[in-house]
Structure formats: structure tokens, C-alpha cells
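Where a number appears in this text, it was derived from the coordinates with a stated rule and is not lab data. The shown structure was predicted, so the numbers you read here are calculated from the model rather than taken from an experiment. Heads up, the Cβs are rebuilt from the backbone with ideal geometry, glycines too, and the neighbour counts pull from every protein chain shown.
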Amino acid sequence: MSLRTATPRVSFRAAPSQSHRHVPKFPTSRCSIFVPRAPMADRRCCIRAQQSESQDGLDKLSPVNESEGNALKIKEWEVRNFQDEVAASQGIRIRRRPPTGPPLHYVGPFEFRIENEENTPRNILEEIIWNKDTEVAWMKEKRPVYMLKKALESAPPARDFVGALKASNLRTGLPGLIAEVKKASPSRGVLRENFDPFECHLLQVEIAQAYEKGGAACLSVLTDEKYFQGSFENLEAIRKAGVKCPLLCKEFIVDAWQIYYARIKGADAVLLIAAVLPDLDIRYMIKICKMLGLAALIEVHNEMEMDRVLGIEGVELIGINNRDLETFEVDISNTKKLLEGKRGQMILEKDIIVVGESGLFTPDDIAYVQESGVRAVLVGESIVKKNDPAKGITELFGKDISL
Ligand SMILES: O=C(O)c1ccccc1NCC(=O)[C@H](O)[C@H](O)COP(=O)(O)O
């Protein structure tokens, strides 16, 4: 059944007393919000200006009263709707929602939500992003960006992620390996059980050390808790354990705040997903990464995303995900398809390193994506599941790449 034709569901619960309500009454439909129309380009600038202000320290706003708070939340709602319009004009299908969630309606003592296409995620990626927006809003409140900026002073130094991939590729003649520390994923469920839940960080550290021993150039550490059972504590523990491979913070970045947070937790690179972030956000976030000494791995899945990213100044690292994050389908020929013809030519001219991501299990798979033009690969499942992940790397490449 298509979501478009799905019958709206309504959920009710008794409303708290008026004085305890923190959720504003949003307008019931997008059309009822009056906003002066401006050309799309102007509107984009306006959205970005509002966002960068809050990301650059205006989080220290003076306390506001309840009606001002509600007005701010309504403004946020309007901005998100603009963002969706801008994103859709770039072919982005993932919509954004305010951290406060879908609108509530009040009838007498009841509050209710109408569940329809507007407020129900269309796929897992959209669901992850909506949850991430809420999670980040909460984390930002606890540690505003000015606090993170202060903590940067004591963060471990950033290491050269791109340099490590290039060096490994030159040394072995094979794609540099970004080995992924991942306990679970929405598509594959739990990949690696922790035998003792209290030893969780230890196990992740052991896997990271085994990857390094096996010849990985860099590591990718999942930090999302809800869908991947990862954590920032894992990232920090791996960094503190003295693992020398540069670390990619594998997170769903929706706000520049997360880049600062990743850096203070020891990341050397972050992931930016083109299916989620409009061009202006990617540009802005690349600048922040450069300022913090981080590499940005920009992930694409289709031609449209690749073309958008090739038009962005300063991109050094592009990941081609063979997994469709909306349907979970994996097809490694996607890497080849996206590197054919003028796109491959442009990548060579710009000296961009391409990373083949997902679904790589055998030496033949590695050879296939290498022949397509990648100089690095990002691999999780096929090595993380092995009892000896270092041996898993040797099996994956068909030779010992640590030598
Ligand atoms: O893997 C998922 O289920 C997933 C779902 C939603 C968003 C992202 C998802 N995975 C991230 C990745 O693409 C992989 O972790 C990464 O590329 C490694 O893939 P693999 O070697 O196949 O484990």
C-alpha cells in the first residue's frame, strides 16, 4: 500500500495541564503558515544564515518566556519546511522535521496526533534522521557549541585520514582499507554479540587493534546508539587505547554541532551524506571540517548525488555507497556505474580519492571496485564478524596487507 493513499491514523492521550505544556500548537497544515515568498536562492541564504548563527554560538540566547519560546518553535518549523523545499529541488528525498516532533492538536482535555504521510517517516534513513534531529537538539542543550569550542583545546590532535589512505594504496597497490567497527545495523541486525555487556568498550577496542594489526589504513567507528548500537564512548576508547589508524566518526550528521563533538571525542574524519544534506550544508560543513583539521567523507549513492558533490569546491574524498539506504539493496556494480565516463574523468582531474562502500566480501569484489577506479574501500560486515578480524582482512584481500 502506498503511503500516499494510507489512511491517517490518530493517536490520543490525555493532555497535561496547560501550564505543563511545552509543545507549541503548530499550525495544522503547511499551507496555513504565512511566509513572504522569496526567490529560492534568497531563501537558501536566509536558512543558512539562521542556522550558522545558532551553530556559531548564539545558543547562549537569553532565557525566553513561554510565548516567545513558542514563536521560536513555530519559526523553526517554518525554516524546516523551507529546507525541505530547497532539498527537494536538489533531488533530496529525505525530509526534515523539528526536534519537537509532529504537531499536536488539542481538543478539550485531549491532545492527539494525526499520523499521515507528513509526519510518518517514509523509510529507515528518514526515520534515523528525524531521531537524530531530536537527539542532537537534546545534546546541544546539554553542551552548547561554545562549550565544545573550549573542549577543543584539550582534544587529541587530528591525524591525516586522506594521507593514510593514499600511503596504504601506494604501499600495497590495493585500495586503502577503512575497516568498520560496527556491532549492529538496521539491515543486518546484530553482527557481533558482546559476550559480556560490561566489556563492550573493551571488545570494540580489541576489534580496532586487530584491524590495525591486519593492515587497515583507517578505521570507521559507528557512534549511533539507537540503530547501530555504537557510541561516542567507543570512539573515545579506541582513540585513547593508542590505535594509530586515523578514525572516521560514522554518524548521521545533521548539524555542525556534531562535527565539533566528533573532534573532541578523537575523530579525524566525519561522514556527510549527500542523500540527507543539501549542497549549502555540505559546503558549510566542509569549511568547518577544514577549520578543525578533519577530513570529510562525502557519501553518494546515485548519479544525481555524485554530480552535486562534484560541483562542490574542496571535496577530497567521495564514498560511493553500494547500499541503497532507503531499501537496503546492495549492488557493487553501483561503484562502477558512478565512475564511468565524464564523472570518472573529473574525479581523476580533481585528484579525488573514491571509497567503495558496502557489500565487499571477497578478493574478487575488491579487484572489481579497484578496476572501477576506487583507491580505498570501506568494509564492515565481512571482517567484523570474524573471530580474528586481522585474518578476516587477509582473507578479504587474498593476501596479507600488513606487510
Ligand atoms: O547498513 C545498514 O543497514 C544501514 C542502514 C541505514 C543507514 C546506513 C546503513 N549502513 C551504513 C553502511 O553503509 C555500512 O555500515 C558501511 O558501508 C559498511 O558496509 P558493509 O561492509 O556491507 O557492512
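At a glance:
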quantity	calculated
Antiparallel bridges, percent of DSSP beta bridges restricted to segment 150-397 (to nearest 5)	10
Restraint check, K182/K226; K290/K342; K337/K386, Cα-Cα greater than 23 Å	K290/K342; K337/K386
Angstrom value of the Kirkwood radius, inverse mean 1/r, which spans all Cα pairs in segment 150-397	17.9
Cβ-based charge dipole, segment 124-265, positive-most Cα from N131, L222, A164	A164
Ranked packing of 328-338, 83-93, most packed first, by mean Cβ within 10 Å	328-338, 83-93
37 °C / 0.692 mPa s Stokes-Einstein diffusion coefficient of segment 231-304, Kirkwood radius on C-alpha pairs, µm²/s	260
Karplus (6.51, -1.76, 1.60) ³J(HN,Hα), θ = phi - 60°, over segment 150-159, in Hz, Gly and Pro reported as x	5, 5, 4, 4, 9, 6, x, x, 6, 9
Pairwise FRET efficiency - D351 versus S154, Cβ, R0 = 35 Å, nearest 0.05	0.55
R0 of 45 Å, Cβ-Cβ distance M147-D307: FRET efficiency to nearest 0.05	0.70
Full-extension gain in nm, T134 to A367, via 0.36 nm per residue minus C-alpha separation	79.8 nm
Cβ charges +1 (Lys, Arg) and -1 (Asp, Glu), total dipole of segment 205-347, debye	520
